[in-house]
Amino acid sequence: MFRHSQLESVKAWLAHPAHAAMPLHARIQRAIRQLILDGAIGSGKALPASRALAASLGVSRDTIESAYAQLHAEGFIERRVGSGSFVAEMTEFTPGHRRSKRDALMRNQAPNLSKRGDATFRSGGVREILMPRPFAPGVPDTRSFPLPLWERLERQVLKETGTLALLHGDPQGAEPLRRAIADYVNLERGARATADRVLVLTSSQQAMTLCANMLLDPGDRIFIEDPAYYGARKAFDAAGLECVPVRVDRQGIMVEPILDDPRHAKAVSLTPSHQFPTGVTLALDRRLALIQWAARNQAWIIEDDYDSEFHYAGKPTACVQGLDPHDRTIYIGTFTKSLFPGLRIGYVILPPPLVKPMTVARTLLDGHTASMAQLVLARFMEGGHFGAHVRAMRGIYAQRLDVLSSLVRKHLSDFVEPRIPIGGLQMPCVLTCDIPERVAVDAARRVGVELLGLSPLHATGGGKAGFLMGFAAYTPAELEVAVRKLANALQSVRMPT
Ligand SMILES: Cc1ncc(COP(=O)(O)O)c(C=O)c1O
């Protein structure tokens, strides 16, 4: 039988308005597939008998049989006559994600891929969890988003542009949005931007892939933080770059290994405002040293400023791009955290000579970002709603961080030490007990709690074991339930002393 949390996930899928057009059996099949992909039902685990699941969900047994048949056809489950249905054997995918044996087989048999294609495929890509549950990291609270206001602005835009908004748009991005972004990063992030230096993209991920392919050749060296954001690492690996990990201490990435390196590296990739995953801020002297290094070596600084809107004590430090008089910095921003991930709008602020080449490159990827979404977002920003939303969410998130850190101290003090961040949507915790990180993450997942282990983010394996706990998308009550579940799960896997 499914556990309560698994059954609730399936029910949430069935009830979600976005899935309303799908036949019932397809919704059930997708919901179970997602549980498997998220690792919530491990390989070899039995699925409920079709009669029992039909009764729990209030649907016919034929509906469940159709869902199971499709899962079987796709290789997600095995069906054994007389004993039931079981999740197919799994192999590791990305942190927090798994893929089926069938996918693994396909990976080994991928026919005639180019070296670049093979590296891309082997990177495993980045798949986000579709229905996040505590403590999936980096997820903003979409339940508090002012949807009626967004809808109203959408109607206004459509009324004013008419069918023009249905045609192709400028590959560099809609001018009103580029203007709004430039004003915002100048004012709030201390950047030096103008609308004609902004390139609107679908995500930071797209920006990193573009940088990797347009600024470096396969085999070129790039310094990355150690530990690093897996999306950046994968984009660089897929482009065939040689990633050179550089240790992060309490002041951010260490600069001596970069300044002293005799071999020429073409770029450094950073999360300076709020290092992922440690949460530290890059010290000013290091920022200035890196800017000098980049200018001297004609190298690039790729600055990922993914969540600095959410800073809970004082103002966040200004971005590196604004300090760089030599125009060697590419600033990457995203609305994934500040608004909602489904929006799929990110951007780069480019040195002037890169604007045309990068814009041409993006035309070969996807032409341009969806025009309607850009125009609505521009209006959202111009009308002051973006600032208001960020301010409101900053208050909510600061309170949730407070709640989570108190809960961790109260219920998890035998297991972990929280590292309270100055900002962002997730809190790192270091394991202080003898439970191996992988065991802790798996035990949590079995009770419906999502943790992102820290070790896989370290290139050199030298980091402290622990995990990230996302708090922004979950109410205090949900945080409390999940912390209690986690405490029980960790207790159950603790080695006897
Ligand atoms: C450090 C970092 N950069 C970038 C992103 C992704 O942003 P986007 O959705 O714009 O690709 C994330 C998302 O989790 C992140 O943690």
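What follows draws every value from the coordinates through simple rules; no lab data is involved. No experiment lies behind these values; they were computed from the predicted model shown. Cβ placement follows ideal geometry from the backbone for every residue including glycine, while neighbour counts extend to all protein chains displayed.
For the stretch 359-458, the spread of Cα positions along the three principal axes, ordered from largest to smallest, is 52, 35, 24 Å.
Compared with the direct C-alpha span, the chain from Thr161 to Ala69 gains 28.4 nm at full extension, assuming 0.36 nm per residue.
Summarising the strand pairing of the stretch 147-385, around 35 percent of its internal DSSP beta bridges are antiparallel. Under a model in which nothing but the beta-carbon of Lys, Arg (+1) and Asp, Glu (-1) is charged, the chain shows a dipole of about 1020 debye around its Cα centre.
Here's the list of aspartates and glutamates a cross-link from Lys337 could span, going by alpha-carbon distance under 14 Å and ignoring same-chain residues fewer than 8 apart: Glu128, Asp141, Asp304, Asp305, Asp307, Glu309.
For Glu242, the amide hydrogen comes within under 5 Å of the amide hydrogens of Gly219, Asp220, Arg221, Ile222, counting only partners 5 or more places away or on other chains and with H modelled in the peptide plane.
So in the chain, what percent of DSSP beta bridges are antiparallel if you round to the nearest 5? Restricted to the chain, the bridges split so that about 65 percent are antiparallel.
Contact order for the stretch 172-296, expressed relative to its length and based on alpha carbon pairs under 8 Å spaced 6+ residues apart, stands at 20 percent.
Dipole magnitude for the stretch 130-204: computed about the Cα centre from +1 point charges on Lys and Arg Cβ and -1 point charges on Asp and Glu Cβ, it is near 180 debye. Entry for the chain at q = 0.06, 0.11 Å⁻¹: log10 I(q)/I(0) = -0.29, -1.03, Debye formula applied to identical alpha-carbon scatterers, no solvent contribution. Cross-link reach is defined here as a Cα-Cα straight distance under 24 Å, omitting same-chain residues fewer than 8 places apart; for Lys115 the lysines meeting it are Lys101, Lys234, Lys266.
Backbone phi angles across the stretch 204-215, fed through the Karplus curve with coefficients 6.51, -1.76 and 1.60 (θ = phi - 60°), yield HN-Hα couplings of 5, 4, 5, 4, 5, 5, 4, 4, 4, 8, 8, 10 Hz in residue order; Gly and Pro are listed as x. With a Förster radius of 56 Å, plug the Cβ-Cβ distance of His16 and Glu256 into 1/(1 + (r/R0)^6) and report the FRET value to the nearest 0.05. After rounding to 0.05, the efficiency reads 0.65.
When peptides 352-359, 259-266, 318-325, 380-387 are sorted by average Cβ neighbour count within 10 Å, with the highest value leading, the order is 318-325, 380-387, 352-359, 259-266.
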